1. Once the convex hull of the C-alpha atoms of the chain is built, how many Å³ does it hold per residue, rounded to a whole number?
2. What helices does the chain hold that run 24 Å or longer along their axis, going by alpha-carbon atoms, with a Kyte-Doolittle average of 1.0 or more, using DSSP H for the helix calls?
3. Work out the FRET efficiency for Thr70 and Ser13 from their Cβ-Cβ distance, taking R0 = 22 Å, and round it to the nearest 0.05.
4. If you put +1 on each Lys and Arg Cβ and -1 on each Asp and Glu Cβ, how big is the dipole of the chain around its Cα centre, in Debye rounded to 20?
5. Got a sec? How would Met67, Met47 order by Cβ neighbour count within 10 Å, fewest to most?
6. At 0.36 nm per residue, and after removing the present C-alpha to C-alpha distance, how many nm does the segment from Arg82 to Ala30 gain when stretched out fully?
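Values quoted throughout were computed directly from the atomic coordinates according to the rules given, and no laboratory measurement underlies them. This one's a predicted model, so the numbers in the text were calculated from it and none came from an experiment. No Cβ is skipped: glycine too gets one built from the backbone with ideal geometry, and neighbour counts run over all protein chains shown.
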Amino acid sequence: MSINTSTHWRDSSRTPVLFFIDARVFIFIAISFFHFRAWTLTLDIIMVIFFVLLYRLNISLTVFARMFRTLLFGKKKIKWRRL
């Protein structure tokens, strides 16, 4: 058994990518294999385009979610009072 020396522990946090497509897209593609309809194929194409755009802009999905939340609700935080 040989040990691959080209990989490193810091590579474990990277997002899995197949060529330029994010691996999370394949969840939608697997769903469309089991339920093959026009809307699932359209959803697959939209999700591939979405994740490719995020990949090209070098934005992760969590960063995009935070940007979207800031766009919807603004930067001001709500102060909660405890009872």
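1. 251 Å³
2. 38-56
3. Calculated value: 0.40.
4. With only Lys, Arg, Asp and Glu charged at Cβ, the dipole is about 940 debye.
5. Ordered by Cβ neighbours within 10 Å, fewest first: Met67, Met47.
6. 14.2 nm
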